[in-house]
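Notes follow the structure.
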Amino acid sequence: MKILVVDDDDLVRELILHSIGQLGHDLHSADSGETALEQIKAGLDVDLVISDWMMPGMTGVDLCAEVRRKTRRRHIFFLLLTARESREDYLSAMNAGADDFLVKPFDPEMLAAKVRAAERIFSLQTQLALSNTQLTQSNQELDDALRKMKNDIHAAAKLQLGLLPPEKVRFGRFRMSAALLPSSAVSGDIYNYFNLGDETFGLYSLDIAGHGARAAMMSFAISRFIIDLGVVGNFERTRTLSSYVQELNEIFQSSPPDNDYFTMLLATISSDEKMRVCQAGHPHPIATPIDGGPPFPLGKGGFPVGLQEGISYEEFLVDLTQIHRVVFYTDGITECSGPNGELFGVERFQTLLHEAKGKPLDDVVPAVKQAMISWHGGDEFDDDISIIVLENCEATPEAP
């Protein structure tokens with residue numbers, strides 16, 4: 001430590017310096033309070049001041065008060081030496097900012113003990129300052145990492161939106177409208193529809209278990225793999241949809257603790273109004289008939305992809321001649337919770353689609369989105385939501 005000894009009596013000052021000289025500290029001295037204060041103002045970065053109370057001009061108490069006012073960067077330990085020992089004197093010294101008090105004539109061993117106590121406090125203060133510096137640096141590093149992560153997530157969200165097809169598209173007699181409503185910046189849901197030639201087109205919808213960045217990365221990878229697998233752009237007519245899904249199941253086997261499985265629906269629609277569908281744990285598509293009757297589910301469910309090896313998948317055929325619309329969606333809709341925790345549910349969703357049967361196609365997805373927001377009490381959903389509405393333009397629904 002740097003110690004400044006202040007006393008107007010040369011003999012007492014030398015005695016103090018001698019008493020603490022064997023402790024190994026950097027010692028300085030001043031013969032008055034004014035001189036001591038000037039040294040501190042000039043840059044003497046002391047850790048401990050040992051000062052006599054009664055001195056001509058600036059007393060030790062005055063010096064202590066000035067040091068406290070002038071040096072706010074860190075605490076300087078202040079020890080007052082005095083012949084006074086009344087309760088009032090002690091309180092006066094403490095109120096001025098003194099840390100300790102030693103009655104004169106002092107015991108050199110007691111003075112050394114007081115200095116060692118101050119040294120321990122100084123060591124703790126130094127450690128605390130170092131910890132605060134490290135904490136500030138760590139916080140800055142965390143802020144920088146968080147800022148970078150947010151930028152990366154926003155870039156990923158932009159990339160994900162770029163992978164999605166147009167929200168509105170037409171394939172011959174069929175039109176489609178779709179939307180993705182992520183629960184965060186990025187989504188574990190993804191979908192696509194694509195022209196297969198010969199007036200046939202296909203679509204798929206994926207829902208990765210969980211949501212957020214990890215689920216989004218999985219959705220990117222699987223969507224890219226589906227393209228590489230040949231489902232998009234190079235579809236083999238002789239191959240069943242279930243064989244594609246089965247191949248994905250063998251490739252994307254999940255393992256604890258992540259269990260990155262996913263549900264999937266793969267479908268093709270031809271100009272003769274026939275739809276082939278393979279459903280792998282995905283919610284049942286909901287069909288709205290042209291006769292004005294209530295919507296009804298299609299399919300049998302199936303097993304999610306990636307949970308277990310050797311699973312067989314089936315596909316089913318749907319005649320679209322008597323169907324006006326088919327809605328493909330993820331469970332973020334039916335499992336959307338209301339303020340009281342109640343889920344939106346399949347029946348409520350079917351009722352919503354039944355009420356929307358007379359709406360133009362372009363108004364259906366916005367109506368579903370608004371219903372979700374109203375039910376949930378806001379647009380920050382607990383799970384990702386995606387929806388595709390397929391409309392047979394030549395199958396006009398009957399008036400009620």
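In segment 1-81, one over the average inverse separation of all distinct C-alpha pairs is 12.4 Å, which is the Kirkwood hydrodynamic radius.
Subtracting the Cα-Cα distance of ALA113 and LEU44 from their residue separation scaled by 0.36 nm leaves 22.4 nm. Compactness of the chain was expressed as the Cα radius of gyration divided by 2.2 N^0.38 Å, which yields 1.83.
For LYS104 and ARG173, calculate 0.36 nm times their separation in residues minus their Cα-Cα distance, and state this gained length in nm to one decimal.
Length gained, LYS104 through ARG173: 14.3 nm.
Taken over the alpha carbons of segment 1-140 as equal point scatterers, the Debye sum produces base-10 log I(q)/I(0) values at 0.11 Å⁻¹ of -0.40. Loop-resident GluC sites (Glu not before Pro) (DSSP state other than H, G, I, E or B) in segment 337-400 with no more than 16 further Cβ atoms inside 10 Å of their Cβ: GLU342, GLU380, GLU394, GLU398.
In plain terms, if you count all Cα to Cα distances in segment 43-83 and split them into 5 Å steps from zero, the share in each step is 6, 24, 34, 22, 12, 3, 0 percent.
For segment 255-400, the calculated P(r) over all alpha carbon pairs, in 10 Å bins from 0 to the bin holding the longest distance, is 11, 37, 34, 16, 2, 0 percent. Against the main long axis of the alpha-carbon atoms of the chain, helix 361-376 sits at an angle near 40°.
Relative to the longest principal axis of the Cα atoms of the chain, the long axis of helix 10-20 lies at roughly 50 degrees.
Between MET54 and GLU141, the FRET efficiency from the beta-carbon distance, with R0 = 41 Å, is close to 0.20. Take the alpha carbon atoms of segment 285-315, find their center, do the same for segment 31-101, and report the distance between the two centers in whole angstrom. Going from one Cα centre to the other spans 84 Å. Taking every lysine pair in the chain that is 8 or more places apart or spans two chains, those with Cα atoms closer than 29 Å amount to 29. Accessible area per residue for the chain is 50 Å², calculated with a 1.4 Å probe on protein heavy atoms, without ligands, DNA or RNA.
Between 0 and 90 degrees, the angle of helix 346-355 with respect to the longest Cα principal axis of the chain falls at about 60 degrees.
By accessible area, using a 1.4 Å probe on protein heavy atoms only, the chain has 52% of its surface on carbon and sulfur. Using θ = phi - 60° in the Karplus curve 6.51 cos²θ - 1.76 cosθ + 1.60, the 3J(HN,Hα) couplings for segment 301-307 round to x, x, 9, x, 8, x, 7 Hz; x is entered for Gly and Pro.
The values are calculated or read from the model by the stated rules, or taken from the named source; none is laboratory data. Predicted model only: the values in this text are computed from it and were never measured. Glycine gets a Cβ as well: all are built from the backbone with ideal geometry, and neighbour counts include every protein chain shown. Ligands, DNA and RNA are stripped out before the accessible areas are found, and what is left, the full protein with its side chains, is counted by its heavy atoms. Shrake-Rupley method; radii C 1.70, N 1.55, O 1.52, S 1.80 Å.
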